[in-house]
Amino acid sequence: MRIGFTTFSKPTREKILRMEKPPRHKYPLVAELTEAEHIGMVREIFSTITGKYDFLNHFLSLGQDIAWRRSAVEKMRFFRTYRFLDVASGTADLAIDAAQRHPCIQITGVDFVQEMMDLAQFKIEKRHLSDKIQLLMSDALDLPFPDNSFDVTGIAFGIRNIPNKIRALCEMMRVVVPGGQVMVLEMTFPRNRLIQGIYHIYLNRMLPNLARPFSPNPTAYYYLADSITHFPTPEGFVGLMGEAGLKHVQKHSLTLGITHLYIGTKPMSPRPIQSTGTVKPPSSR
Ligand SMILES: C[S@@+](CC[C@H](N)C(=O)[O-])C[C@H]1O[C@@H](n2cnc3c(N)ncnc32)[C@H](O)[C@@H]1O
């Protein structure tokens with residue numbers, strides 16, 4: 001659903017912390033949820049963890065999330081519109097990195113959780129990037145832009161939270177120009193047995209306990225572990241990008257394969273079904 005432009009009243013970090021909703025104490029497993037329940041849970045989780053979101057991202061990934069976004073931004077190519085769309089922008093780290101790395105572009109960030117966007121706006125203003133980055137509240141499944149509006153669209157750690165991944169990819173592809181890039185940065189459960197064992201313990205036991213003293217909603221970090229464990233394999237996700245109609249899909253393994261960067265290109269003559277959502281994509285994975 002399209003929600004419209006947000007208005008911001010120069011939020012301060014304290015105000016953002018006060019705005020956070022009280023947390024719930026337990027989340028069901030993603031596999032047990034309907035799509036609508038999953039989306040509702042995602043909205044609730046991200047509205048309760050905003051204040052410490054950036055700190056915990058950097059702390060729990062030992063700063064690797066910064067390097068992962070940087071590697072995406074370095075591979076962006078601007079050639080026609082000089083515009084970048086950051087989907088599920090959250091606190092706008094990808095948008096901010098892109099603005100700093102590519103000073104000649106204009107950026108739009110979209111997200112559907114007001115609390116995340118308020119913090120994003122605060123960060124953008126603090127860095128004097130308001131003339132480069134515009135935020136818009138919108139659902140990734142119904143982007144409020146005409147076809148062929150951007151050279152690049154990217155989604156960092158967002159697609160895992162969207163049950164209908166193909167539809168999100170189709171929307172991202174629709175709004176980029178032919179020859180433009182669709183980039184997805186996402187965490188994956190590693191293949192190597194030894195790393196798998198260590199990572200499983202880290203995700204399911206250590207991470208929620210490490211988050212506990214800092215996060216207003218530490219149970220959200222059980223959801224993080226669950227959603228990473230159930231994300232498609234890198235080969236499976238490359239297949240989904242192909243199903244959405246993207247060409248020349250590349251995957252880049254980052255930090256022992258715990259994160260992957262996927263880059264697909266919109267073909268010069270895309271198939272006609274990639275439309276605003278009036279035509280349903282082939283599946284809802
Ligand atoms: C893990 S955060 C990632 C934020 C940011 N991209 C980053 O790199 O840190 C996931 C974000 O996806 C947003 N999100 C999830 N589903 C969405 C949807 N269908 N439409 C728009 N935003 C969505 C959430 O509100 C949240 O801000």
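The values are calculated or read from the model by the stated rules, or taken from the named source; none is laboratory data. Being a predicted model, the structure only gives us computed values, none of them experimental. Here the Cβ is made from the backbone with ideal geometry for all residues, glycine too, and neighbour counts use every protein chain on show.
Some observations on this one:
Per-residue answers, yes or no, for (1) more than 13 Å from the ligand (Cβ to nearest atom); (2) in a loop (DSSP other than H, G, I, E, B); (3) over 25 Å from L210 (Cα atoms):
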position	(1), (2), (3)
E44	no, no, no
S47	no, no, no
F55	no, no, no
L62	yes, yes, no
W68	no, no, no
F78	yes, yes, yes
D86	no, no, yes
S89	no, yes, no
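- Taken together, M172, M187 contain a single residue that is under 18 Å from W68 (Cβ atoms) and within 15 Å of the chain's Cα centre (by Cα), which is M187.
- Helices (runs of 4 or more DSSP H) fully within region 193-260 that include at least 1 residues being free of Cβ contacts under 8 Å to residues at least 12 places away in the same chain: 193-201, 207-211, 234-243.
- The C-beta contact set for region 29-46 (first residue without any contact (Cβ under 8 Å) to a residue 60 or more places away in the chain, second residue of a type in the set (D, E, K, R) and surrounded by fewer than 19 Cβ atoms within 10 Å (Cβ to Cβ), distance under 9 angstrom, 6+ apart or interchain) comprises E44/K21; E44/R24.
- Count of region 261-285 residues, restricted to those that are assigned to a loop (DSSP other than H, G, I, E, B), crowded, with 18+ Cβ neighbours inside 10 Å and at pLDDT 80 or above, is 1.
- Contacts under 6 angstrom Cβ, first residue in region 84-100 being touching a residue at least 60 places away in the same chain (Cβ under 8 Å), partner more than 7 Å from the ligand (Cβ to nearest atom) and part of a loop (DSSP other than H, G, I, E, B), 6 or more apart: F84/I105
- Residue list for region 214-249, filter: buried (at least 18 other Cβ atoms within 10 Å of the Cβ), more than 17 Å from the chain's Cα centre (by Cα) and not hydroxyl-bearing (S, T, Y): N217, P218, A244, G245, L246, V249
- Look at region 56-73: where a residue is on the phi > 0 side of the Ramachandran plot, no partner that is within 11 Å of the ligand (Cβ to nearest atom) sits 6+ places away or on another chain with Cβ atoms under 8 Å.
- Some residue of region 104-113 being over 24 Å from D147 (Cβ atoms) and of a type in the set (G, A, S): no
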